[in-house]
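A.B. asks: Structure provided below as structure tokens; questions to follow.
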Amino acid sequence: MTYALKELFRRFALSGEGAVRDRAADDIIDYFIGLMISGMQTKVRELGLVFDVEFAMMFQDDYRAYMRNILNGFRLRIRDFIEEMERSDEELDYRLGWEIDRIIHDQERYMREGGEMNAYILLQWLRPNVTITKTWNANVGDPKTCGICLSMHGTTVPVGEPFLRPTQVIVLPDGGFVRYNYIERQSPIAHPNCRCWATINID
Ligand SMILES: [Zn+2]
């Protein structure tokens with residue numbers, strides 16, 4: 001799949017034709033949604049629930065819009081790169097490979113974990129009498145862990161609520177603050193290559 005997937009990204013970035021581009025974008029997005037569905041299916045089975053197709057559909061529309069934005073940004077960066085000056089094929093190949101790998105890496109994680117999280121959201125939905133929360137965990141002892149992740153460490157929220165929302169203010173360990181301005185995060189991911197993880201608490 002990886003080779004075919006990378007090929008779709010290349011087609012999306014380099015094709016001038018709207019229809020080819022749209023088709024490639026849909027196929028890329030379908031691939032990531034497939035990961036969410038399979039992550040959810042596996043966890044749903046583990047939890048002894050029945051997979052609910054309609055419930056899984058709920059999470060798809062926002063993702064399509066979000067992913068289209070990411071893809072369009074990627075395409076514009078590649079177009080700019082091509083137009084800036086004469087680029088060799090090697091340079092373009094390198095830049096494309098780097099951008100594509102980064103997006104795939106982030107989205108694969110985001111969707112797999114998102115799928116698992118959705119299974120717990122389904123569980124909460126079916127069992128209103130139990131309280132399910134999730135906790136953000138960061139690599140606290142690691143000097144490479146960023147201030148946002150350190151600040152989020154230990155944050156516990158109901159499983160159906162996001163850890164991070166656009167415009168949310170995060171107070172950093174050094175007393176400064178940043179305004180989070182990205183999409184809602186149901187999983188503990190603050191930035192590309194974030195290594196944080198969630199624990200689920202069921203009472
Ligand atoms: Zn992190």
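The values are calculated or read from the model by the stated rules, or taken from the named source; none is laboratory data. All of these numbers come straight from a predicted model, not from anything done at the bench. We place every Cβ from the backbone using ideal geometry, glycine too, and count neighbours over all the protein chains shown.
A.B. asks: Restricting the search to segment 122-150, which residues are closer than 12 Å to A198 by Cβ and touching a residue at least 60 places away in the same chain (Cβ under 8 Å)? Break it down stepwise before answering.
C.D. replies: Quick first cut of segment 122-150, residues closer than 12 Å to A198 by Cβ only: 132-138.
Scanning segment 122-150 gives I132, T133, K134, T135, W136, N137.
A.B. asks: Among the candidates P188, P162, single out the residue that is outside the structural domain of L49 (by TED's automatic domain parsing) and in contact with a Lys or Arg (Cβ under 6 Å, 6 or more places away or on another chain). Write out each step before concluding.
C.D. replies: Details: P188 fails: in contact with a Lys or Arg (Cβ under 6 Å, 6 or more places away or on another chain).
It is P162.
A.B. asks: Let me ask you something else. Hey, does segment 101-114 have a residue that's more than 16 Å from the ligand (Cβ to nearest atom), exposed (fewer than 14 other Cβ atoms within 10 Å of the Cβ) and outside any strand (DSSP E or B)?
C.D. replies: Within segment 101-114 (the criterion being more than 16 Å from the ligand (Cβ to nearest atom), exposed (fewer than 14 other Cβ atoms within 10 Å of the Cβ) and outside any strand (DSSP E or B)), the answer is yes, since at least one residue qualifies.
A.B. asks: Moving on. Only one residue in E91, E84, E113 is at pLDDT below 95, out of contact with any Leu (no Cβ under 8 Å at 6 or more places or on another chain) and closer than 21 Å to M67 by Cα, so which one is that? Break it down stepwise before answering.
C.D. replies: Values: E91 fails: closer than 21 Å to M67 by Cα; E84 fails: closer than 21 Å to M67 by Cα.
Only one candidate qualifies: E113.
A.B. asks: Another one. Could you figure out which of (1) in contact with a Gly (Cβ under 9 Å, 6 or more places away or on another chain); (2) not in a loop (DSSP other than H, G, I, E, B); (3) not assigned by TED's automatic domain parsing to the domain that holds A65 isn't true of A119?
C.D. replies: So the condition that A119 fails would be (3).
A.B. asks: Is it the case, given these coordinates, that F12 is within 18 Å of I104 (Cα to Cα) and over 19 Å from the mean Cα position of the chain (by Cα)? Give the steps one after another, and end with the answer.
C.D. replies: Details: within 18 Å of I104 (Cα to Cα): yes; over 19 Å from the mean Cα position of the chain (by Cα): yes.
It is true that F12 is within 18 Å of I104 (Cα to Cα) and over 19 Å from the mean Cα position of the chain (by Cα).
A.B. asks: While we're here: Just to be sure before I move on: is Q124 under 14 Å from F9 (Cβ atoms) and polar (S, T, N, Q) in the structure I sent? Give the steps one after another, and end with the answer.
C.D. replies: Numbers: under 14 Å from F9 (Cβ atoms): no; polar (S, T, N, Q): yes.
For Q124, the condition - under 14 Å from F9 (Cβ atoms) and polar (S, T, N, Q) - is not met.
A.B. asks: Right, here's the next one. Based on what the data block shows, is G48 buried (at least 18 other Cβ atoms within 10 Å of the Cβ) and either more than 23 Å from V20 (Cα to Cα) or in contact with a Phe, Trp or Tyr (Cβ under 8 Å, 6 or more places away or on another chain) (or both)?
C.D. replies: Details: buried (at least 18 other Cβ atoms within 10 Å of the Cβ): no; either more than 23 Å from V20 (Cα to Cα) or in contact with a Phe, Trp or Tyr (Cβ under 8 Å, 6 or more places away or on another chain) (or both): yes.
No, not satisfied.
A.B. asks: Give the residue, chosen from G97, G34, G39, G48, that is outside any helix (DSSP H, G or I) and assigned by TED's automatic domain parsing to the domain that holds E7. Even if it seems obvious, please write down each step before you answer.
C.D. replies: Values: G97 fails: outside any helix (DSSP H, G or I); G34 fails: outside any helix (DSSP H, G or I); G39 fails: outside any helix (DSSP H, G or I).
It is G48.
A.B. asks: Going residue by residue through segment 160-169, is there one that turns out to be more than 14 Å from E113 (Cα to Cα), within 16 Å of the ligand (Cβ to nearest atom), without any contact (Cβ under 8 Å) to a residue 40 or more places away in the chain and β-branched (V, I, T)?
C.D. replies: no
A.B. asks: I would also like to ask the following. Report, by residue number, each residue of segment 175-203 that is free of Cβ contacts under 8 Å to residues at least 60 places away in the same chain and within 15 Å of the ligand (Cβ to nearest atom).
C.D. replies: Once the filter is applied, which keeps residues that are free of Cβ contacts under 8 Å to residues at least 60 places away in the same chain and within 15 Å of the ligand (Cβ to nearest atom), segment 175-203 yields V178, Y180, Y182, R185, P188, A190, H191, C194, R195.
Per-residue answers, yes or no, for (1) of a type in the set (A, V, I, L, M); (2) out of contact with any Phe, Trp or Tyr (no Cβ under 8 Å at 6 or more places or on another chain):
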| site | (1), (2) |
| --- | --- |
| E108 | no, no |
| M117 | yes, yes |
| I132 | yes, no |
| G154 | no, no |
| G176 | no, yes |
| I183 | yes, no |
| P188 | no, no |
| I202 | yes, yes |
